1. If you check every pair at least six apart or on different chains, which have Cβ atoms under 7 Å apart with a residue in the range 232-261 that is free of Cβ contacts under 8 Å to residues at least 24 places away in the same chain first and a residue that is open to solvent by 30 Å² or more (accessible area, probe 1.4 Å) second?
2. Do the conditions hold for A8, that is, is it more than 25 Å from V138 (Cα to Cα) and at pLDDT below 95?
3. Is there a residue in the range 366-374 that is at pLDDT 95 or above, open to solvent by less than 80 Å² (accessible area, probe 1.4 Å), of a type outside the set (F, W, Y) and not in a loop (DSSP other than H, G, I, E, B)?
4. Give me the residue from the range 193-231 that is over 16 Å from L260 (Cα atoms), modelled with pLDDT under 95 and among the polar types (S, T, N, Q) and, out of that set, surrounded by the fewest Cβ atoms within 10 Å (Cβ to Cβ).
5. State whether one or more residues within the range 358-365 are farther than 21 Å from P288 by Cβ, without any contact (Cβ under 8 Å) to a residue 60 or more places away in the chain and outside any helix (DSSP H, G or I).
6. Quick one: in the range 70-105, which of the residues that are part of a strand (DSSP E or B) and of a type in the set (F, W, Y) is most open to solvent (accessible area, probe 1.4 Å)?
7. Within the range 148-161, is even one residue surrounded by fewer than 19 Cβ atoms within 10 Å (Cβ to Cβ) and closer than 20 Å to L36 by Cβ?
Amino acid sequence: MTEHTMTAHAQDREIVGTTVGIVGGGPAGLMLSHLLAREGVDNVVIDNRPHDTIATTHRAGILEAGSVRMLTETGAISRIPTEGYEHAGIYLRFNGENHHLDFKKLVGRTVWLYPQNDAFLDLAATRERDGGDVRFGVSDVTVEGIESDRPTIDFTDADGTPKRIECRIVVGADGSRSKCRDLVPGRVKHTMTYPFAWFGILARTPFQADELIYCHGESGFALISQRTPEIQRMYFQCDPSTKAADWTDEQIWDRFDEILDGPDGFRLQRGEIIEKTVLQFRSFVQEPMQHANLFLAGDAAHTVPPTGAKGLNLAFADVALLAPALVRWARTGDRSALDTYGERAAKRIWKAQNFSYWMTQMLHTHTDANSFTEKRQLGELMSVTSSPDSMKYLAECYTGWPYDLLGPEEPATGTGTLTAPESVGATR
C-alpha cells in the first residue's frame, strides 16, 4: 500500500498523498518512519519544531538493551557501539557509601549512555540519507477525519506553503504537549504530580564516576549522570517552585556536596556550569492509546519521572509494537495487531510506571518525612542492596524487559521481516 507524493490543489492546499502520516519528528516519530520505510510502507513526518531546536534540547541519555538492539540492527543508528558508553550497572548511594549493582552479572544485560540529542541527529540523518519525507518547523497543524478511511493532516510548511497530507493512518508522536491525543473520545488521563522537582545542570567536568550514581542523602536526592567525557549532566532534588536563576554556581556545588557527603569522602570535581534547569515531576498515562485510524506513541500517550530512565525507551517500545502492526496491515489488510496495539503497549507502560514510581519514592526525601519514614527508606535501600533477588529485579527493570514478553508479532509476509527488537535484524 505504497503511494507516491503528488501535487494538486484542494482548498488552496498542496496535497501530499501517503499511507501513514506521522505527527511528531522526535526520536519516536523518526524511528517509526525508518522502520516503515525499510519495509516499503510510505510515510510522511511533520514537526512544528525546527530541526535545531530538537537537536539542542537536552534530554535523557540511557538506552535499554532492547532499544540499542533495535536502533543498531535495523540500520537506524550505527554510532552507539563506537561513540556510546556501555554501562554494566549503577551505584545506589546511601549512608554516604556507594553500593554497586552489576547488571551484567545479575541479568546478563547492560545499558548504553548515548545522549538523546545524538539519537535524534542520527535518526534525522538516516531518514535524509534514505530519502524520507520529514518536515520540520511546520505550523498550524490540524488532524481531521480519523474515523474515515482517508484522514487528513493540514499544516503550513516551513516556507509558508499551506499543505495537506492525505493518508490512511495517523500516528500522534507529538510529545508531552500532544494535540493528537485530544482527538481520542472517552479518553481517561491517569496522572500523578510529585511534591518535588529536579534541579539539573550541565557542567564542564570529566566523568565523575564510571557509572551513574543514584544518591539518597539526608537532605535529598542527587543523580550523578553523564553526557560526554567533557560535559556532565547532574541533578539534585529541589522544591517545584525553585527558580534556577536564583542559584549561584557555588551554591549548586555546595548542595551536591551536602547530599553526597559521607565517610568515604566522595566529592564531585567542580567545573563551569553551562546550563541550569528545573525539571518538574509528573506521571501521566492516557488510555486508550488509539481510536479508529489514530494511534499514539511515546510522550503523547505517557510520561514518567526520569528516575528509572524509562521515557525514551518506552517511546521506542511503543514503536517496536506499532511498526510491525502497521506493516502487516499495509501488506495484508489485517488490522488485528493494530486493534490490540494500545492494550499490548499498556502492559509495558504500567510496569515502567511502577518501576519509576518505586525508584522515585525509595530515593527522594518526602515533604512529610519523619524519623520513621526516613529510617524505613534506608531499610528499603539496605534490603535491595543486600538481596540478590531484589538487585536482580531492579536490574531487570532498569535494563528493560524483552519486548516479546508483550506477545511477539508474527513476521509480515513480503520482502522484509519486521518484528519486536529482541528478534529484529537488518534484512536489507
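1. If the second residue must be open to solvent by 30 Å² or more (accessible area, probe 1.4 Å), the pairs left are W253/R270; D257/R267.
2. no
3. no
4. T193
5. No, the range 358-365 contains no residue that is farther than 21 Å from P288 by Cβ, without any contact (Cβ under 8 Å) to a residue 60 or more places away in the chain and outside any helix (DSSP H, G or I).
6. Y85
7. Yes: the range 148-161 contains one or more residues that are surrounded by fewer than 19 Cβ atoms within 10 Å (Cβ to Cβ) and closer than 20 Å to L36 by Cβ.
A quick yes/no check of all residues on (1) surrounded by 24 or more Cβ atoms within 10 Å (Cβ to Cβ); (2) more than 16 Å from R181 (Cα to Cα):
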{"residue": "V278", "(1), (2)": "no, yes"}
{"residue": "V285", "(1), (2)": "no, no"}
{"residue": "N293", "(1), (2)": "no, no"}
{"residue": "A300", "(1), (2)": "yes, no"}
{"residue": "V304", "(1), (2)": "yes, yes"}
{"residue": "A309", "(1), (2)": "yes, yes"}
{"residue": "A320", "(1), (2)": "yes, yes"}
{"residue": "V327", "(1), (2)": "yes, yes"}
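The values are calculated or read from the model by the stated rules, or taken from the named source; none is laboratory data. Since we're looking at a predicted model, the values are computed, not measured. Here the Cβ is made from the backbone with ideal geometry for all residues, glycine too, and neighbour counts use every protein chain on show. When the accessible area is computed, the model is the full protein with side chains, heavy atoms only, and any ligands, DNA or RNA have been set aside. Shrake-Rupley method; radii C 1.70, N 1.55, O 1.52, S 1.80 Å.
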